[in-house]
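Right, one structure below, let's go through it.
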Amino acid sequence: MTFFASVRQGFGRANTKSNSNLKAAAAANGASTSNSNIPPLPSMTNSPSVSSSLGMDSNYNDGEPKRFFSEKYAKCSVKGNFLTLAAQPKNVELGEWLAHQLVEMNRLLTGMIQVIQEVDTNTGLAICNEKSCPTMSAGRLTYTWLEGGRPAKIPAPSYITRVQKWIVGKIHDPATFPTDPPTSVASTAFASGDTSSPANYSTGAPIAAPPTSLSAPLSQLSGQQNDWVGKSSGFPPNFHADVRSIIKQMFRCYAHLYHGHWENPFWHINRHLELNSCFVHFVTVAMYYDLLGRKDMEPLQGLIDIFVGQGVIPREAVQQHTG
């Protein structure tokens, strides 16, 4: 059984325990957790730079700054170095580690999404519903979903549900996220530089390789043009692109959670610290492995900058991120 197969067995279970999963992982690496009382919400001056274009039923009005962009509220429920949660172990291949990280980050994100899917007893509707969130918005941005080959604005709950189903479908697709061990080295090895057919070791006869052009790029000379992230673990050539696509959609969900629901419900039920911890873990992985473009990060760039300034997002992740 591959490393990814072993960690994927529990996928889809205990999603509501996202915080305990994060705390347990942090504790295993020497981190600690803390609880704090909810600080009061002060009045804040308007700032057009962080204005919102959410619907009328949103907690925020156009031009009202987001309180989560304040360093005062950029705190986490987990204390410690988040790089210990993100860094690839020496004995685990990168493709398998990224697959593991996607499963874990999806667990954490699902736990946060479930918070806004809770039904408000006063209205009988989910906190995030088609009336309060008629579009998948994050500040001044509105994300669209392709329908019939054309971008369409759909309610945030529908968008998030589609993203969740799409991610789960990807993770459980053996063609994209294989769980069977790759074929043995012997069955894919080539003799004497021949790259057209596997070696036949029963004959013992070497196969002459064609002349090598010394002017060819180093990657071609070393055979790296046929290499990709996860290849040695059996992942397909498009695996890295799929990972980036999943990360982008995950970020959009976080962007809506913050812009549309940070105050209600996360602040009101004192789960904003947990949301921050899940997001920092997510961004640390995305930056450390350079999986998310800078433009995609714009809706939450102010918050990311605060976490970077605090050192909560490790400097190693910032250095690795080229965007």
Practice item. Please give every one of the lysines within straight-line cross-link reach of Lys79, meaning a C-alpha to C-alpha distance under 19 Å, and leave out same-chain neighbours fewer than 8 residues apart. Key: Lys17, Lys23
Review point. Normalised by the residues of the range 226-323, what does the relative contact order come to in percent, with Cα pairs under 8 Å and at least six apart?
Key: 27
Check your understanding: In the range 233-290, carbon and sulfur make up what percent of the accessible area (probe 1.4 Å)?
Key -> 44
Review point. When the chain is fully extended, how far beyond the present Cα-Cα distance does Ser70 get from Thr161, taking 0.36 nm per residue of separation?
Key: 29.8 nm
Practice item. Show which lysines lie in cross-link reach of Lys231 when reach means a straight Cα distance below 19 angstrom and same-chain residues fewer than eight apart are skipped. Key: Lys90, Lys170
Study note, to complete from the structure: Pseudo-spin-label distance Leu146 to Val119, built 7 Å along Cα→Cβ, given in nm, is 3.6
Practice item. Tell me the label-point distance for the pair Leu94, His268, using the 7 Å Cα-to-Cβ offset, in nm and rounded to one decimal. Key: 4.5
Review point. In whole percent, what relative contact order does the range 110-179 give with Cα contacts below 8 Å and a gap of six or more residues?
Key: 21
Point to revise | Radius of gyration and Dmax over the Cα atoms of the range 67-112, both given in Å | key: 14.0, 42
Exercise for review: List the aspartates and glutamates whose Cα lies under 14 Å from the Cα of Lys153, skipping any in the same chain that are fewer than 8 positions away.
Suggested key: Glu130
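Based on the Cβ-Cβ distance of Glu316 and Asn226, what FRET efficiency does E = 1/(1 + (r/R0)^6) give at R0 = 25 Å, to the nearest 0.05?
0.25
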Check your understanding: Among 230-236, 158-164, 98-104, 275-281, how do they line up from the highest to the lowest mean number of other beta-carbon atoms within 10 Å?
Key -> 275-281, 98-104, 230-236, 158-164
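The values are calculated or read from the model by the stated rules, or taken from the named source; none is laboratory data. Not measured: the values here are computed from a predicted model. Don't worry about glycine lacking a Cβ; one is built from the backbone with ideal geometry, like all the others, and counts go over all protein chains shown. Please note that ligands, DNA and RNA were not included when accessible areas were found on the heavy atoms of the full protein model with its side chains. Shrake-Rupley method; radii C 1.70, N 1.55, O 1.52, S 1.80 Å.
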